[in-house]
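> Before anything else, here's the structure in question.
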């Protein structure tokens, strides 16, 4: 496991073969090394990176970085102070709705919402190497699935808040997907894409034997959406021109918006289609919103998974990851960061500082589908059908919102004393977060070339040297979180029987790799009306005094992959300027005993 923070200077041009842009910041012995499948968050207010989740490697005891089960530290949230250059255990977090228990959620999708000074991680699971409390778990096969979406709110610098938001029962366990914050409406939405779920109904919060077997890739003919302003959940059908991509996991996703915000384009890059054979994909798809249309924009022969991706102007940085094979110890033929040009839609292997100052164009394939030009002006501004018509009010705040009552059930229902976050007809204004000083942090996996480390948990601080401008932003905290699911004495929730559209494909492999869930497709109904929980997929999140997903979801700091902070006005990208710290999240691909 890595014990250093790699810093990549984005103020200079470089290629994917050069070592000079990289420098190292070493961790002190009392700070945990990088963990597998962890998450990293960045706060522009506190100017800190928060490390949480993941698990310690199953590598050989002969490896110098090996940590024995008995020596695994208790879960905690760790933070790196950018200005001070120091790691420390987070002591000022106001941990609510989880019994103040901290756990290490691994393999959860996560992202930052930089304009709100909030960050999120969605579900995931823990296993034996996550915590000393799990010492009785079978190695690499017993999981405890975590319920909910954890939110870190750092709008108040002196008192960051960590809370869990419960999810609808139709969601079920999720792992190895990706998510992004899309700044539409009042506060934006969180869009969950891809990943895996369990084949059969599976309870949250208890030890499941053999849980690494029988998992399936979720179908990409829908995405799950969380509206931050109202706390409502939705499931929106997606469409293909002409095709919808096959399900895949260990993907990365990044938002690249049109200059005029007439379309929001989520790039989904590579991933694993089948863990039995480790069939990897190097396809690059764009889910263009609000039409919710999938469009293939690039493909090549080399597969990749377990990486993370981040847009810096016209440069798309892809950090870490593995190529093909399960536990193969092969090295990539380039440095940890690969570079894709969003202007030419090709891998160039070259980071261009001038391109970093330009807004990325809308791909020509997307323009052909939604209209307009490479700068925006999309004429298609709605999907073929809204799975829930209430979504149109979120995408167009000028519309007066009608009264709305979601029809789904939350895993953790609100208590009688819970206070809803806001009414469905809320007219509150967007948070004025000011320019984002977002960052991206990224992990290296599988022995990346020229990095003489095991390749488990290193992450990158991608930094540009620009003058810092301090600013304080007032933010109104909206209390709308639901509870964590697993407090002492809480009865674990068991998912209901899958409804039509959520059964795995008849061709799903019946065998599962000893570490990964196998990738099979989930069948999804052709019409939105057949989707579970009726066409209405919304639900206000509420406060409850329970624990974060199945034993709290608050995580220990370990570098993992992360979503690139959405590129919105004031974001940290070199294009939109302010401070150039982008912390690339270093999420690693699945849990390999050899890693």
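> State whether the residues of region 288-301 include one that is on the phi > 0 side of the Ramachandran plot, touching a residue at least 60 places away in the same chain (Cβ under 8 Å), more than 20 Å from the chain's Cα centre (by Cα) and in a loop (DSSP other than H, G, I, E, B). If you could, list the steps in order and put the result at the bottom.
If we filter region 288-301 for residues that are on the phi > 0 side of the Ramachandran plot, which is where we start, we get 292.
The next check asks that each one be touching a residue at least 60 places away in the same chain (Cβ under 8 Å); those that pass are 292.
Remaining after also requiring more than 20 Å from the chain's Cα centre (by Cα): none.
Taking every residue of region 288-301 in turn, none turns out to be on the phi > 0 side of the Ramachandran plot, touching a residue at least 60 places away in the same chain (Cβ under 8 Å), more than 20 Å from the chain's Cα centre (by Cα) and in a loop (DSSP other than H, G, I, E, B).
> Looking at region 129-153, which of its residues are surrounded by 24 or more Cβ atoms within 10 Å (Cβ to Cβ) and either assigned to a loop (DSSP other than H, G, I, E, B) or more than 17 Å from the chain's Cα centre (by Cα) (or both)?
Once the filter is applied, which keeps residues that are surrounded by 24 or more Cβ atoms within 10 Å (Cβ to Cβ) and either assigned to a loop (DSSP other than H, G, I, E, B) or more than 17 Å from the chain's Cα centre (by Cα) (or both), region 129-153 yields 129, 130, 143, 144, 146, 147, 148.
> Also: Among the residues of region 33-52, write down those that are within 16 Å of residue 85 (Cβ to Cβ) and not in a strand (DSSP E or B).
Hits for region 33-52 are 46, 47.
> Could you list all residues from region 333-348 that are modelled with pLDDT under 95 and either more than 21 Å from residue 20 (Cβ to Cβ) or touching a strand residue (DSSP E or B) at 6+ places or on another chain (Cβ under 8 Å) (or both)? Please lay out each step first, then the result.
Initial filter on region 333-348 (modelled with pLDDT under 95): 333-338.
Result: 335, 336, 337, 338.
> Additional query: With surrounded by 15 or more Cβ atoms within 10 Å (Cβ to Cβ) and in a loop (DSSP other than H, G, I, E, B) as the only criterion, which of 65, 60 stands out?
Numbers: 60 fails: surrounded by 15 or more Cβ atoms within 10 Å (Cβ to Cβ).
On inspection, the qualifying residue turns out to be 65.
> Would you mind stating whether residue 413 is modelled with pLDDT under 85 and within 28 Å of the chain's Cα centre (by Cα)?
Working: modelled with pLDDT under 85: yes; within 28 Å of the chain's Cα centre (by Cα): yes.
Judged against the criteria, residue 413 is a match.
> Would you mind telling me which numbered condition in (1) at pLDDT 95 or above; (2) assigned to a loop (DSSP other than H, G, I, E, B) residue 329 fails?
(1)
> Do you know which of the residues in region 75-89 that are assigned to a loop (DSSP other than H, G, I, E, B) and without any contact (Cβ under 8 Å) to a residue 60 or more places away in the chain is surrounded by the fewest Cβ atoms within 10 Å (Cβ to Cβ)? Full working, then the answer.
Initial filter on region 75-89 (assigned to a loop (DSSP other than H, G, I, E, B)): 75-77, 82-85.
Next cut, without any contact (Cβ under 8 Å) to a residue 60 or more places away in the chain only: 83-84.
Numbers: 83: 8, 84: 10.
Checking each candidate, the answer is 83.
> Just checking, does region 343-358 include any residue being closer than 28 Å to residue 215 by Cβ and surrounded by fewer than 20 Cβ atoms within 10 Å (Cβ to Cβ)? If you could, list the steps in order and put the result at the bottom.
Initially, region 343-358 is screened for residues closer than 28 Å to residue 215 by Cβ, giving none.
The answer is no; no qualifying residue exists.
> Can you report the number of residues in region 355-397 which are closer than 28 Å to residue 314 by Cα and in contact with a strand residue (DSSP E or B) (Cβ under 9 Å, 6 or more places away or on another chain)?
The qualifying residues number 19.
> What is the one condition in (1) in a loop (DSSP other than H, G, I, E, B); (2) within 21 Å of residue 309 (Cα to Cα) that residue 111 does not satisfy?
Every listed condition holds for residue 111 apart from (1).
> So which of 266, 225, 284 is part of a strand (DSSP E or B), surrounded by fewer than 24 Cβ atoms within 10 Å (Cβ to Cβ) and within 19 Å of the chain's Cα centre (by Cα)?
Values: 266 fails: surrounded by fewer than 24 Cβ atoms within 10 Å (Cβ to Cβ); 225 fails: surrounded by fewer than 24 Cβ atoms within 10 Å (Cβ to Cβ).
Matching residue, one of 266, 225, 284: 284.
> Follow-up question, since we're still on this one. Which of (1) buried (at least 24 other Cβ atoms within 10 Å of the Cβ); (2) assigned to a loop (DSSP other than H, G, I, E, B) does residue 120 not meet, given it meets every other one?
Unmet condition: (2).
> Could you say which residue among 6, 10, 40 is at pLDDT 90 or above and over 25 Å from residue 162 (Cβ atoms)?
On the way: 6 fails: at pLDDT 90 or above; 40 fails: over 25 Å from residue 162 (Cβ atoms).
Being at pLDDT 90 or above and over 25 Å from residue 162 (Cβ atoms) holds for just one of 6, 10, 40, which is 10.
> Next question, about the same structure. So which residues in region 22-34 are in contact (Cβ under 8 Å) with a residue 60 or more places away in the chain and more than 17 Å from residue 90 (Cα to Cα)?
Hits for region 22-34 are 22, 25.
> For region 154-181, enumerate the residues that are buried (at least 24 other Cβ atoms within 10 Å of the Cβ) and part of a strand (DSSP E or B).
Restricting attention to region 154-181, the residues satisfying the condition of being buried (at least 24 other Cβ atoms within 10 Å of the Cβ) are 154, 160, 162-167, 171, 173-181.
Correct list: 162, 163, 164, 165, 175, 178, 179, 180, 181.
> Now for a different question. Residue under question is residue 324, and the condition is that it be touching a strand residue (DSSP E or B) at 6+ places or on another chain (Cβ under 6 Å), farther than 30 Å from residue 407 by Cα and modelled with pLDDT under 95; does it hold? Outline the logic, then answer.
Numbers: touching a strand residue (DSSP E or B) at 6+ places or on another chain (Cβ under 6 Å): yes; farther than 30 Å from residue 407 by Cα: yes; modelled with pLDDT under 95: yes.
Taking the combined requirement at face value, the residue satisfies it.
> Any residue in region 195-211 that is touching a strand residue (DSSP E or B) at 6+ places or on another chain (Cβ under 6 Å) and at positive phi?
Yes, there is a match, as at least one residue in region 195-211 is touching a strand residue (DSSP E or B) at 6+ places or on another chain (Cβ under 6 Å) and at positive phi.
> Consider residue 260 carefully, then state whether it is in a loop (DSSP other than H, G, I, E, B), closer than 30 Å to residue 389 by Cβ and more than 19 Å from the chain's Cα centre (by Cα).
Values: in a loop (DSSP other than H, G, I, E, B): yes; closer than 30 Å to residue 389 by Cβ: yes; more than 19 Å from the chain's Cα centre (by Cα): yes.
When the stated conditions are applied, residue 260 passes them.
> In region 19-56, what residues are in contact with a helix residue (DSSP H, G or I) (Cβ under 7 Å, 6 or more places away or on another chain) and more than 18 Å from residue 310 (Cβ to Cβ)?
Narrowing region 19-56 to residues in contact with a helix residue (DSSP H, G or I) (Cβ under 7 Å, 6 or more places away or on another chain): 44, 55-56.
Within region 19-56, 55, 56 meet the criteria.
> Among the residues that make up region 268-279, is at least one of them touching a helix residue (DSSP H, G or I) at 6+ places or on another chain (Cβ under 9 Å) and either modelled with pLDDT of 95 or more or farther than 21 Å from residue 343 by Cα (or both)?
No, the conditions are met nowhere in region 268-279.
The values are calculated or read from the model by the stated rules, or taken from the named source; none is laboratory data. Predicted model, so just to flag it, every value in this text is computed and none were measured. Glycine gets a Cβ as well: all are built from the backbone with ideal geometry, and neighbour counts include every protein chain shown.
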